[in-house]
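Visitor: Submitted below is the structure of interest, expressed as structure tokens.
The values are calculated or read from the model by the stated rules, or taken from the named source; none is laboratory data. As the structure is a prediction and not an experimental result, all values here were calculated from the model. Don't worry about glycine lacking a Cβ; one is built from the backbone with ideal geometry, like all the others, and counts go over all protein chains shown. Note: areas computed on protein heavy atoms with side chains; ligands, DNA, RNA excluded. Shrake-Rupley method; radii C 1.70, N 1.55, O 1.52, S 1.80 Å.
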Amino acid sequence: MTSQPFVAMNQIEKSFNGVPVLKKVTLEVEKGEIHALLGENGAGKSTLMNILGGVHQPDSGQIFIEGKQVTMANPHISQTHGISFIHQELNMVGDLKVYENMFLGSEIRNKAGFLNVEEMCRQTREILAELGVFLNPKEYVRNLATSYKQLIEISKALLHKSQLIIMDEPTTSLAEHEVGRLFELMRNLKKSGVSIIYISHKLKEIQAVCDRYTVLRDGQLVKTDDMQSGNLEEITKLMVGKAISQERFVHEHEFGEMALEVERLSSPGLFKDIDFTVRKGQIVGFTGLAGDGRTELFESLFGYRKKYTGTIKVKGKAMKITHPRTALQAGMGYVPKDRKENAIIKDLSVVHNMSLSSMGNFERWGFIQDKRELEKFSNYEKTLNIKVANPRITIDKLSGGNQQKVIIAKWLEADTDILIFDNPTQGIDVGAKQEIYQEILELAKLGKAIIILSSEAPEVLRICHVINVMYHGEITARFMGDETNEEEIMHYATGAKREGEHIG
Ligand SMILES: Nc1ncnc2c1ncn2[C@@H]1O[C@H](COP(=O)(O)OP(=O)(O)OP(=O)(O)O)[C@@H](O)[C@H]1O
């Protein structure tokens, strides 16, 4: 390693409204290294990166680029120092085309001063191809899946020949093969001397791709070390302050009557001949790779999609669900994935985001009972370890993971009989994951029927009674939760194996 890091952040301090969020944090990133920035939700990772990216100003401390002190007064200055920041909430403009997003603020013009659209399209195509993405540069970004938006952001950083790329949970909406490609690209970037700061809650990915790590806890630096010298258990302990068990949860309760019966549900091109049941108290999981059709299946079941055939029985009664309202009335709740895009109302306070689906619980004589609402919130704040200085601030002031926890709290509070969680712990730290699983188990014990959709096999293995594996819109295997393992699930999720002709 060189003696002089590419970037050094020294003794950085930052408070929001008098609440300290970063306390004398120091971070050094070498040239050509991939450095993991780790910590629980709300530990201060994004804030530290926002300071490096010129979004926030530190209250004190210094930043050095190749030994020279700099002031990142705004994002533009940070960019001119070779830093690109790929945010969790992607900064794409939906109403602009792919190439327009790529060249926003740095458009190429010809000699006469006109935009050189063809050249911008050519460069866009070339850079995307490096990532293995083949898109029409003139496609509107709003028509693209989130995974493409993420890859376009990364391409944009490549286009600007960045020296340091900050990636905040870049794999959240990427499919398995796209993650592989991203890692390959990161390793190539590293070879060419580019540094990467990598924020993620997926420790296995971090271990696969990062050289060193820094752990923050409650705004303080806990440790910086080589990735090789720490094992994941140790790192988890540094993050959370205690050891976290990865064991399967023990389920001892009995199941009740049938809550949901699905027969031969099909939707052309999306899913085919799906059969399954969920009893009260049961936790049923669906896993598979991206493109397996599970999200589309449950969006149909919840009435977001209307074009499907087959039968759905809720508590023994056949129903045609063509609108989410019907699903809600039938006692179903749906916690969508990409919650930051789909589930929060940014201008509302944290506490109101929690009570949004269950206003009835807090209403008396037509008035909302503030005190009751706050009391309820304070329970979730404790059980889910939500980090918020004041629950009356708007939810967009919370860290990404803490926003997600509030949305989980909202659905726990809504208290529906059947609860569908799509990727319930996406973006959530290891400690809080445990709490969320515990809450889900408690709900099952109370007789709720629970469905968990997850791209992470370990998640369904830890918590579900029954696991369905999907591949290309079909259920290819069904296991009891304690009778299978990650490897076996993978065989069925990749289509390498399938059980009998018709499972579900
Ligand atoms: N603009 C803001 N106003 C007030 N508080 C803020 C603001 N931005 C961040 N915070 C607070 O700073 C703390 C650290 O948040 P930060 O987003 O840096 O955490 P994080 O480690 O990135 O978490 P996550 O893993 O959930 O993304 C949180 O408690 C958050 O509520």
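Visitor: Considering only protein heavy atoms and a probe of 1.4 Å, how much of the accessible area of the stretch 386-481 is carbon and sulfur, as a whole percent? Intermediate results must be reported in sequence, preceding the final value.
Guide: Details: 1240 of 2530 Å².
Looking at the stretch 386-481 in its full context, I get 49 percent from C and S.
Visitor: Loop-only check: which trypsin sites (Lys or Arg not before Pro) in the stretch 383-456 are DSSP coil with at most 13 other Cβ within 10 angstrom?
Guide: On the way: sites: Lys387, Arg392, Lys397, Lys405, Lys410, Lys433, Lys445, Lys448; in loops: Lys387, Arg392, Lys448.
The qualifying sites are Arg392.
Visitor: Same structure again: So if a site counts as exposed when it's one of the chymotrypsin sites (Phe, Trp or Tyr not before Pro), its DSSP state isn't H, G, I, E or B, and it has at most 14 other Cβ atoms within 10 Å, what's the longest stretch of the chain without one? Spell out each step's value before the answer.
Guide: Working: sites that count: Phe114, Phe134, Trp365.
Longest site-free region, per DSSP loop and neighbour criteria: 135-364.
Visitor: Okay, next question. Suppose R0 equals 25 Å; then what is the FRET efficiency for Glu442 and Asp218 from their Cβ-Cβ distance, rounded to the nearest 0.05?
Guide: On the way: r = 27 Å, r/R0 = 1.08.
With R0 = 25 Å, the Cβ-Cβ based efficiency is 0.40.
Visitor: For the stretch 1-72, what is the Kirkwood hydrodynamic radius in Å, using each pair of distinct C-alpha atoms? Before the final figure, lay out each step's value.
Guide: Details: mean 1/r = 0.0791 Å⁻¹.
Computed over the stretch 1-72, the radius equals 12.6 Å.
Visitor: Dividing the convex hull volume of the Cα atoms of the stretch 131-245 by its residue count, what figure in Å³ per residue is obtained?
Guide: On the way: hull volume 15.4 nm³, N = 115.
Per-residue hull volume (Cα only) is 134 Å³.
Visitor: What lysines sit close enough to Lys191 to cross-link, taking a C-alpha to C-alpha distance under 20 Å and skipping anything fewer than 8 places away on the same chain?
Guide: Lys31, Lys156, Lys161
Visitor: Continuing with the same structure: Using the alpha carbon gyration tensor of the stretch 276-329, what are the three equivalent-ellipsoid semi-axes (square root of 5 times each eigenvalue), largest first, in whole Å?
Guide: Values: eigenvalues 69, 53, 19 Å².
They are 19, 16, 10 Å, listed largest first.
Visitor: Roughly speaking, to the nearest percent, how much of the stretch 7-240's 1.4 Å accessible area is carbon and sulfur? Before the final figure, lay out the partial values.
Guide: Working: 4880 of 10360 Å².
The value for the stretch 7-240 is 47 percent carbon and sulfur by accessible area.
Visitor: Equivalent-ellipsoid semi-axes (√(5λ), Cα gyration tensor) for the chain, whole Å, largest first? The partial results should precede the final answer.
Guide: Details: eigenvalues 302, 153, 107 Å².
Over the Cα atoms of the chain, the semi-axes work out to 39, 28, 23 Å.
Visitor: In deg cm²/dmol, rounded to 500, what helix-only [θ] at 222 nm does the chain give when every DSSP H run of at least 4 residues adds -39500 (n - 2.57) and the total is split over its residues? Spell out each step's value before the answer.
Guide: Numbers: 17 runs with 163 residues, N = 504.
Computed mean residue ellipticity for the chain: -9500 deg cm²/dmol.
Visitor: Two decimals, Cα atoms only, Kirkwood Rh: what is Rg/Rh over the stretch 342-415?
Guide: Numbers: Rg = 11.2 Å, Rh = 12.1 Å.
Over the Cα atoms of the stretch 342-415, Rg/Rh equals 0.93.
Visitor: Could you compute the FRET efficiency for Met258 and Ile345, with r as their C-beta to C-beta distance and R0 at 22 Å, rounded to 0.05? Before the final figure, lay out each step's value.
Guide: Values: r = 35 Å, r/R0 = 1.58.
That gives a FRET efficiency of 0.05.
Visitor: Let me ask another. The stretch 89-160 to the stretch 246-325: how many Å between their Cα centroids?
Guide: Taking the Cα centre of the stretch 246-325 as reference, the centre of the stretch 89-160 is 38 Å away.
Visitor: What is the distance in Å between the Cα centres of the stretch 412-448 and the stretch 163-196?
Guide: The stretch 412-448 and the stretch 163-196 have Cα centres separated by 31 Å.
Visitor: Also, quick follow-up: By DSSP, what percent of the beta bridges with both residues in the stretch 7-240 are antiparallel, rounded to the nearest 5? Before the final figure, lay out each step's value.
Guide: Working: 23 of 40 bridges.
Around 60 percent antiparallel, to the nearest 5.
Visitor: So which lysines pass the test for Lys307, namely a Cα distance under 20 Å, with those fewer than 8 places away in the same chain ruled out?
Guide: By straight Cα distance, Lys307 reaches Lys272, Lys320.
Visitor: Taking only protein heavy atoms and a 1.4 Å probe, what accessible area per residue, in Å², does the chain have with all protein chains in place? If you can, show how the numbers build up before the last one.
Guide: Working: 22600 Å² over 504 residues.
Computed with neighbouring chains in place, this is 45 Å² per residue.
Visitor: Could I ask something else about it? Which lysines, if any, have their Cα less than 21 Å from the Cα of Lys202, not counting same-chain residues under 8 positions apart?
Guide: Lys45, Lys149, Lys190, Lys223, Lys237, Lys242, Lys337, Lys340, Lys387, Lys405, Lys433
Visitor: Could I ask something else about it? From the Cα trace of the stretch 7-240, what convex hull volume per residue do you get, rounded to a whole Å³? All intermediate terms of the calculation are to be shown ahead of the outcome.
Guide: Values: hull volume 31.0 nm³, N = 234.
Spread over its residues, the Cα hull of the stretch 7-240 gives 132 Å³ apiece.
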